[in-house]
Amino acid sequence: MTMKKVLLISALALALAGCEKMTTLFSGLDEAQANAVMAALLDDGVRCVKAPGEEGTWNVDIDESKFAGAANLCEELGLPRRRFQGVGDVF
């Protein structure tokens, strides 16, 4: 095999390795909540991305194969934190 073919095969393998199917772990988060979730996931080695959601909210997307572990980790850590409504928000 020539060096050119080896490099091409290596590049294709790397490209395919980065093609995990992404799924949304959380949606509708404010930016602070999304950042806290991402920090916990990244600390645990879970690749994740923050994407804009609806009406100024954020979604946290992860590799679909990591969903169960990521959901359990966030549950253990109490993430995302619940945002309590103030009197001004209710009325």
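Quick look at the values:
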{"read-out": "³J(HN,Hα), Karplus 6.51/-1.76/1.60, whole Hz, each residue of segment 51-57, x for Gly, Pro", "value": "10, x, x, 7, 6, x, 9"}
{"read-out": "Computed label-point distance, nm, for sites residue 72 and residue 42 using a 7 Å Cα→Cβ extension", "value": "2.4 nm"}
{"read-out": "Karplus-derived HN-Hα couplings along segment 25-34 (A = 6.51, B = -1.76, C = 1.60, θ = phi - 60°), whole Hz, x at Gly and Pro", "value": "7, 9, 9, x, 8, 6, 5, 5, 5, 4"}
{"read-out": "Protection proxy ranking of 22-31, 66-75 - average other beta-carbon atoms within 10 Å, highest first", "value": "22-31, 66-75"}
{"read-out": "Net lengthening on full extension, residue 51/residue 82 (0.36 nm per residue, minus Cα-Cα)", "value": "9.2 nm"}
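Taken together, the values in this text are just the output of simple stated rules run on the coordinates, not laboratory data. Bear in mind the structure is a predicted one, so any value in this text is a computation, not a measurement. Because the Cβ atoms are built from the backbone with ideal geometry, glycine has one as well, and the counts that use them run over all protein chains shown.
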